[in-house]
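Bear in mind these aren't lab numbers, they're just calculated from the coordinates by the rules spelled out. All values reported here derive from a predicted model rather than from experimental measurement. All Cβ positions, even for glycine, are placed from backbone atoms using ideal geometry, and neighbour counts span all protein chains on display.
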Amino acid sequence: MITKRIIACLDVHGGRVVKGVQFVDLIDAGDPATQAARHAREGADEIVLLDITATHEGRQTLLETVRRTALELFVPFCVGGGIRSAKDAAQVFEAGADKVSVNSAALAHPTLIDAIGRSFGAQAVVVAIDARRDPEAADPVRDAQVFVQGGRKPAGRRVVEWAREAEGRGAGEILLTSMNADGTRAGFDCELTAAVSEAVNIPVIASGGAGTVAHFVDVFGRGRADAALAASIFHFGVSSARSLKEELAKAGVSVRLPC
Amino acid sequence: MRITVIDYKAGNLTSVLKALRHLGAETVVTDGDLALVEVAERLVLPGVGHFAATERLDATGLTSAIRAAIARGVPFLGICVGMQWLYAGSSEAPAQPGLGYFTESCARFSESPEKVPHVGWNSLEVRKDSRLLAGVEPGEYVYFTHSYKAPVTADTAAVTHYIEPFASAVERGNVMGVQFHPEKSGATGLKILHNFLSWKSKETK
């Protein structure tokens with residue numbers, strides 16, 4: 001039986017893993033290659049490395065980080081942050097990533113999705129969507145808006161429609177982050193995740209809001225997520241992907257165990 | 001151990017090469033140098049993306065060279081689209097023939113409420129005499145990402161269930177294929193690649 005994936009996310013800045021709230025007060029949390037290997041060993045089904053610097057000057061540092069991280073990593077490895085062209089993507093694949101995640105650049109130039117998909121296959125393209133509910137709207141879920149620039153600026157697109165377009169252009173997966181839920185530790189936005197998951201035929205990775213194991217159970221059930229991103233939960237009591245998955249298995253969620 | 005990896009410009013070879021090297025293999029990549037296939041000790045055909053990309057194998061003469069190598073007894077492993085290519089063809093690109101080593105054809109998953117592609121970690125029901133999958137225990141998982149699949153037949157080495165049962169591995173003599181990505185399937189995947197690297201013809205002990 002297909003299992004629900006737990007994906008470990010590493011925020012990277014200047015070649016180091018960082019922890020922080022809303023990209024402020026960053027604390028050094030170690031070497032990306034070491035951290036990625038540890039997560040894989042401790043049961044993560046996949047690793048996402050997100051370059052939060054994403055500056056032009058930082059590209060070489062990032063590529064070197066990707067190369068070192070990929071070297072001994074034998075689970076799927078996705079890299080995001082600052083990928084603006086098919087050429088940027090090609091360099092990241094060359095360095096050892098299996099997938100790239102694109103966000104703002106795909107909104108600005110949607111054909112970027114087609115271009116990467118054509119060269120590297122749909123399975124290699126993850127479209128990341130930062131979503132915010134519109135409390136004024138008649139249907140806050142259906143009318144949820146896409147945001148760019150770290151959630152500061154509306155992109156003028158509805159989340160569900162953009163997810164559908166991304167799929168049509170050849171995206172292989174959607175990484176959906178709820179800006180409302182992010183950082184609250186009060187649970188994923190299950191309604192929004194379910195709305196996107198039902199609208200597309202590709203996997204949806206839920207992100208934002210995880211605080212307890214029950215939140216993961218909820219998003220895999222009611223939220224119809226195929227995978228969930230685990231970041232800060234590992235800093236708050238749940239020691240590893242394995243222990244998270246053991247709890248999920250007890251709650252009846254199909255996960256890869258032993259791992 | 002020297003492994004010849006065939007590049008037909010369908011996706012990225014980095015992960016496959018990395019895993020083979022991790023296991024101590026020396027890797028050689030060819031995108032059309034037939035001499036490299038003629039002297040190959042072992043062949044790996046990776047591949048992600050569209051079945052139509054295998055047209056390049058015909059155009060470069062690699063198809064004939066691979067057929068000859070297989071006939072000589074060279075161990076061959078096809079991964080993902082590389083496995084599907086071993087069959088007569090795929091409904092993904094009906095005009096493009098496969099190698100035809102296995103006479104059946106690949107087809108898209110049936111219409112279902114489940115999502116297609118099949119993406120994620122799924123389990124294997126391993127045929128007992130499979131040499132490629134030796135040591136893979138029930139309940140071990142491997143990583144898949146595909147929309148087309150091969151049918152279950154007498155040559156099927158492992159069955160996986162998603163929407164319907166399909167061949168997640170195939171094996172007859174020196175010809176092997178896996179629908180999943182062993183290079184991305186953790187310790188289980190490395191064990192399978194190791195089995196391929198240490199595969200020996202039964203006649204020559």
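Beta-bridge orientation, the protein assembly as shown: approximately 40 percent antiparallel, per DSSP, counting only bridges with both partners inside. Comparing A:A70, A:S104, A:I205 along the charge dipole axis of chain A, the residue lying farthest to the positive side is A:A70, per the Cβ-charge model. Answer rounded, prolate or oblate for the protein assembly as shown, using the Cα gyration tensor with square roots of eigenvalues a ≥ b ≥ c: rounded when a/c is under 1.5, else prolate when a/b is larger than b/c, else oblate. It comes out prolate by the Cα gyration axes. With the cut-off at 1.5 for a/c, could you classify the stretch B:85-205 from its C-alpha gyration tensor as rounded, prolate or oblate? The shape class here is oblate. Considering only A:G221, A:G170, A:G117, the Gaussian network model of chain A with Cα springs below 10 Å gives its largest mean-square fluctuation to A:G221. Listed by Cβ neighbour count within 10 Å, with the fewest neighbours leading, B:E104, A:E191 appear as A:E191, B:E104.
For chain A, a crude dipole built from +1 on the beta carbon of Lys and Arg and -1 on the beta carbon of Asp and Glu, taken about the Cα centre, is about 200 debye to the nearest 20.
Of A:K153/A:K245; B:K9/B:K202; A:K245/B:K115; B:K18/B:K202; B:K128/B:K149, which pairs sit farther than 30 Å apart, going by alpha carbon to alpha carbon? The answer is A:K153/A:K245; B:K9/B:K202. Placing +1 on the Cβ of every Lys and Arg and -1 on the Cβ of every Asp and Glu, with nothing else charged, gives the stretch B:2-197 a dipole about its Cα centre of roughly 300 debye. FRET efficiency for the pair B:K128 and A:K87, taken as 1/(1 + (r/R0)^6) with r the Cβ-Cβ distance and R0 = 51 Å, rounds to 0.60.
When a/c is below 1.5 the answer is rounded, else prolate if a/b is larger than b/c, else oblate, so apply that to the stretch B:2-197 with a ≥ b ≥ c taken from the square roots of the Cα gyration tensor eigenvalues. Oblate. Couplings 3J(HN,Hα) for the stretch B:47-59, derived from phi with the Karplus relation 6.51 cos²θ - 1.76 cosθ + 1.60 (θ = phi - 60°), are x, 10, x, 9, 4, 4, 5, 6, 3, 4, 5, 6, 4 Hz, where x marks Gly and Pro. Put in line by how crowded their Cβ is, counting other Cβ atoms within 10 Å and starting with the fewest, B:C80, A:C78 read A:C78, B:C80.
Relative to the Cα centre, the charge distribution of the protein assembly as shown, modelled as +1 at Lys and Arg Cβ and -1 at Asp and Glu Cβ, gives a dipole magnitude of about 700 debye.
The GNM of chain A, with springs linking C-alpha atoms under 10 angstrom apart, assigns the highest mean-square fluctuation among A:Q91, A:Q149, A:Q123 to A:Q149.
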